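Worksheet: the structure to be examined is printed underneath.
Just so you know, all these numbers are worked out from the coordinates, no wet-lab data involved. Computed from a predicted structure; not experimentally measured. Glycine also receives a Cβ, built like all others from the backbone with ideal geometry; neighbour counts cover every protein chain displayed.
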Ligand SMILES: Nc1ncnc2c1ncn2[C@@H]1O[C@H](COP(=O)(O)OP(=O)(O)OP(=O)(O)O)[C@@H](O)[C@H]1O
Ligand SMILES: [Mg+2]
């Protein structure tokens, strides 16, 4: 296709967007993971401190330094003076681990022996040395937007970086991290196995056994797809936690059978339960799709060859579904490995690596180690993926175009009933979990006071009569629904822009076909495989102070949330749009061109209408993600721009259950309403166009 | 439209063979669609029966009911007098060849062929022997280790046939087994398949919508229309004595002319002309249709010919010339004549030509409307 200036502008725009907001953050995490920390020598530490302090205004700098020095505690004073002496090449007879009075005497003696001008010189340096030794954290906190986050973190810890695999080695060596990594592996293996089995059983029940109510079962099982974060884990707590309706209300208080403080769902079992239900939708969709595309004639051929139900399952259905089962397992495995929400909420006492990463970022800010841990999380999943690619020959499972339903393969009544029972129980469990959260949103204090209230929605404390709670005043500004409003703003900004950017990207890559389009296409789809935690950390890393310029900092803004969510989900619209473009031959545009349409007219009148559905799907997906995502934005929210999903997480981890439930319920209502509206709009548009 | 059973032709070959398979009152509805409508069908041992009909007439459904893959709403199925109606497909021991072959993509050719044997727990020696016997029979001996996606369409078709025959089925069912192949291979495989089924001696029911295929393969052709059997006869019977307008136009080429039987047995066509010398046993006053096939139409110079027509088009068909005529009787007739004869006539499009019609060969079909 002929490319005019407008086309090149579009190409530049798309390439810049993808490069800056997808490739750069991911690359930054990759690079950071190899930045191995080295303890700085004391003289290096002083030099670095001086450099950092250059970002502080001049007068302010001196004032703070001398203030710190004047208010220094005795032990800090001794430490500082001894270090200053030693750095100046003066030997002090006491060592750092001697008693302070011994050190003090030795330091005084050394000072006294010095010539006056030399002594004055050293003493002039004392405030700086003091700051380098004891005030680095304070200095760093003031520089949050002026210096790259990783440099700040290194400065806090008194470290410098060299490139190497030290961080990865540390994950293996460090007892705590190693345990967390092994826990994550055990958890992911268990959850992925169970969810794959459950998803297969459900897909088989719906596709093959054709159980009654299949559509309803499928819809309910897919519900976690649009649910607010950690909703399932949260609901499990409400039922089986220390104040859970079942464990505390029924078994402990009413029946006196157990002590809910020790008998509850916290731990491995709780995480697995939450993950299995939460991961069911993606696993189900993959397997259902494969079973639906499987040629029914294969099963019929087996039956007419004399095969029993079990034979068909063993020789045909399962081998044919194997690649999909593997894919579902890998997806569930990776999502479980990188999930920190559920383990933080119900996993108390069962540390996993993703949770450690969260702590590293929020707490100690050890970026490089966190980055390495993040990428380590992907390792096993990548290995499984490569293994599956080797085992399954794509051509062998390609059904071709003609696919018949396997009506001649009849599932025995007993198995059909068992599958129906499984489907109904799954749907019932999911329904109950969602209803429990909704119920607790209208409850004064779950587990304690079950009267009806709207307080959680209105943002007033429901338990004012209970003075201990009323006075705590913890996080009251986050009580109402204002964060849902922020989430809605982000979603409303990101969704339409994202849908449009996706279409521009598809059009640019697949129709303008610029050089390097396959690389750009690859970059555009990266967020589909890189879990949110990496994407979030990458954003924090890159946009804290891009190129060392605090003026460019995006962290703490609404924009970074919009961008992160937009680019993190762009791939949905791109894949959908690409599907549409591939189905409609490029010939349509050529035809329009021969009829005299310009490039823009072509795009506007031919391509855009075709891509309406893709746009809607891409935008809807971004909208839902903005309302419900946790893993990437949790690192990017700020006090001013706080998203509801992040608050739900922290409030469910604390015990602000009512407030978390009210937000969850509102988000659920908003998302479901949006999906319904999108569906109706699409149908209306369809009807309008086909009349 | 009743079933026309030309017993005379049938008995020529098969009267001595006992009835092997019998469907009685077989019927199947899918919602509002009656796919198969109370069909009675008898198949004698060793016969090669072809179910022929237009797309959607219920052939596949009937075949799948016989196989046990579709449960009939009404009727029964017996094999050698044994009632199989409620016997599941897996226990019937019928071989089924699917339209798209349905080979197991995860198994090699050998394992595909041996699948029915493995299901029955056949011993390793017997398994090996049977597989190589079938491979030789279907000429795929050198493909046994391959996977289905590594085979051509024709090769896949052979494997499907070998697999269907592996467990020595009492009945072989084939649903348009050649329709996925291109024309040239289809012709070759049609012949091979015919020979092979004959050699094995298995009773076969073969579904197709290709009348040429049916004429070549069948001992008996069962023509279906809208879920019913409209004719059940030998290939010659179906071609020369079609039971209805539908059969006449579906099998072979024919121009149909409506008319009414006159007092002397002649037929007065709608256009007004009267045809005499026709062979039929319809009573006077009966509405009927006369089927005129191209080979019954002769062309000659216009002088002294019984009928006249104008040449509208000519189509070179290789060994012969197909000539489209305007008239006689206001019909658009077709004639076929060999190239020498055409050259000798020295005619071309737009010329008038004399037409001969061999009246005694024409088929007179009673119209069901009266
Ligand atoms: N599983 C089904 N569900 C609903 N309708 C069906 C089903 N199978 C067949 N039919 C309908 O029954 C009728 C007969 O179908 P069938 O497949 O037997 O026709 P056919 O003669 O084999 O046609 P073709 O030559 O196209 O294969 C058709 O109208 C078809 O749409
Ligand atoms: Mg068919």
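What to note about this one:
- Segment residue A:552..residue A:492, full-extension length gain: 19.2 nm, with 0.36 nm per residue of separation and the alpha-carbon distance subtracted.
- Per-pair calculated FRET efficiency, R0 = 30 Å: residue B:280 and residue B:195 via Cβ, rounded to 0.05: 0.20
- DSSP assigns beta bridges within the protein assembly as shown; of those with both partners inside it, close to 75 percent run antiparallel.
- Between the Cα long axis of helix B:183-200 and the first principal axis of chain B there is an angle of about 60°, rounded to the nearest 10.
- Using bins of 5 Å that start at zero, the share of Cα-Cα pairs per bin across segment A:39-163 amounts to 2, 11, 21, 21, 19, 13, 8, 4, 1, in whole %.
- P(r) of chain A over all Cα-Cα pairs, binned every 20 Å from zero, in whole percent: 15, 42, 31, 10, 2, 0
- Mean Cα-pair separation over length for chain B, i.e. relative contact order, pairs under 8 Å, 6 or more apart, %: 16
- Placing a label point 7 Å from the Cα of residue A:44 along the Cα-to-Cβ direction, the residues of segment A:138-180 whose backbone N falls under 13 Å from that point are A:154-155, A:157-163.
- Going by neighbour counts of Cβ atoms within 10 Å, the residues A:155, B:48 line up, fewest first, as B:48, A:155.
- Over chain A, dividing the summed -39,500 (n - 2.57) contributions of all DSSP H runs of at least 4 residues by the number of residues returns a 222 nm mean residue ellipticity of -21000 deg cm²/dmol.
- Rounded to the nearest 500, the 222 nm mean residue ellipticity of chain B from helices alone is -8000 deg cm²/dmol, with -39,500 (n - 2.57) taken per DSSP H run of at least 4 residues.
- Alpha-carbon Rg/Rh ratio, for chain B, with Rh computed the Kirkwood way: 1.05
- Rounded to 5, percent antiparallel among DSSP beta bridges of segment B:19-243: 55
- Ranked A:446, B:342, A:8, criterion: other C-beta atoms within 10 Å, fewest first: A:8, B:342, A:446
- Measuring r between the beta carbons of residue A:174 and residue A:12 and using R0 = 51 Å, the FRET efficiency lands at 0.70.
- Hull volume per residue, based on the alpha-carbon atoms of segment A:162-207 and their convex hull, is 78 Å³.
- On Cα atoms only, tilt of A:644-653 relative to the major axis of chain A in degrees: 70
- 5 Å-binned pair-distance histogram of segment B:253-366 (Cα, whole percent): 2, 12, 23, 23, 16, 12, 7, 4, 1
- Dimensionless Rg over Rh [segment A:487-550; C-alpha; Kirkwood]: 1.05
- Pairwise label distance in nanometres, residue A:214 with residue A:182, each label 7 Å out on the Cα-Cβ vector: 4.5
- Dividing the radius of gyration of the alpha carbons in segment A:173-414 by their Kirkwood radius gives 1.05 for Rg/Rh.
- Applying 1/(1 + (r/R0)^6) with R0 = 22 Å to the Cβ-Cβ distance of residue B:315 and residue B:54 gives a FRET efficiency near 0.35.
- Over all pairs of different C-alpha atoms, segment B:293-352 has a mean inverse distance whose reciprocal, the Kirkwood radius, equals 11.5 Å.
- Cα-based helix-to-principal-axis angle, B:153-165 vs chain B, degrees rounded to 10: 60
- Annotation: the residues A:262, A:483, A:66, sorted from fewest to most other C-beta atoms within 10 Å of their own C-beta, follow the order A:262, A:66, A:483.
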